[in-house]
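The values are calculated or read from the model by the stated rules, or taken from the named source; none is laboratory data. Source: prediction; values computed, not measured. All Cβ positions, glycine included, derive from the backbone under ideal geometry; neighbour counts span all protein chains shown.
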Amino acid sequence: MKLKERAEETAVERIVACLSAMNRWATIDEFVDALDEADFWDESFHSKVEGQAKKQFIRRMIRKAEDEADWPIWANVKIQDAATGVEVRVYKQESLFDVADYAQVCCYHRQAGLRHLGMARGYRDRAELFDQIRAALLGAKKIAQLQAAWSLTNGKKTRLGDELFTQLQTTKDSRKAELLEVARASRQT
């Protein structure tokens, strides 16, 4: 792994750790406030901010630039830089397009649309799987039923993701404690 990739991964891990307590929908301003409170920002961050802020400002202005039909003036696509082999985003005014540019933009947005559709389906499938397993866990009336419900998670941890899997483990453990308490109470009577 390259040093830059490792530094970015470490930053991502730090951000995840700082923001993990935020267990609701939050605005970007709330994220900034949380990272401020956690004293996240260091000198290396401040040294990069000016250049990144300029880029972010330009991107935002380009996105807002529209013609009289409320259509974007600028289009963007991702291409592989011939010199470095790195994927970069490039921008061009539609008024300067030729036929090949239109084809490239259409292809790019079609691929992005397919990716977004795949993401939407993935989120839907994760939610349905989570709800199905959670309902089975909560509906279990005996330990054997709880075990059968938990077996629905076999081979599904990656698909569910760590957060949803952990929530299901908590639900299972809580339901197990409830069922054991009911069993103890019924033996005492």
Pick from the range 10-25, criterion under 14 Å from the mean Cα position of the chain (by Cα) and surrounded by 11 or more Cβ atoms within 10 Å (Cβ to Cβ), ranking: farthest from F45 (Cα to Cα): L19
Which listed residue, of Y123, Y102, Y108, is under 22 Å from I58 (Cβ atoms), out of contact with any Phe, Trp or Tyr (no Cβ under 7 Å at 6 or more places or on another chain) and assigned to a helix (DSSP H, G or I): Y108
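Taking the stated definitions as given, is E68 loosely packed, with under 11 Cβ neighbours inside 10 Å and within 24 Å of D162 (Cα to Cα)?
no
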Selection count, the range 137-164, where residues are surrounded by 17 or more Cβ atoms within 10 Å (Cβ to Cβ) and assigned to a helix (DSSP H, G or I): 7
Flag for S95 being at pLDDT below 90 and polar (S, T, N, Q): no
Sole residue being over 28 Å from the mean Cα position of the chain (by Cα) and hydroxyl-bearing (S, T, Y), chosen from S151, S44, S95: S95
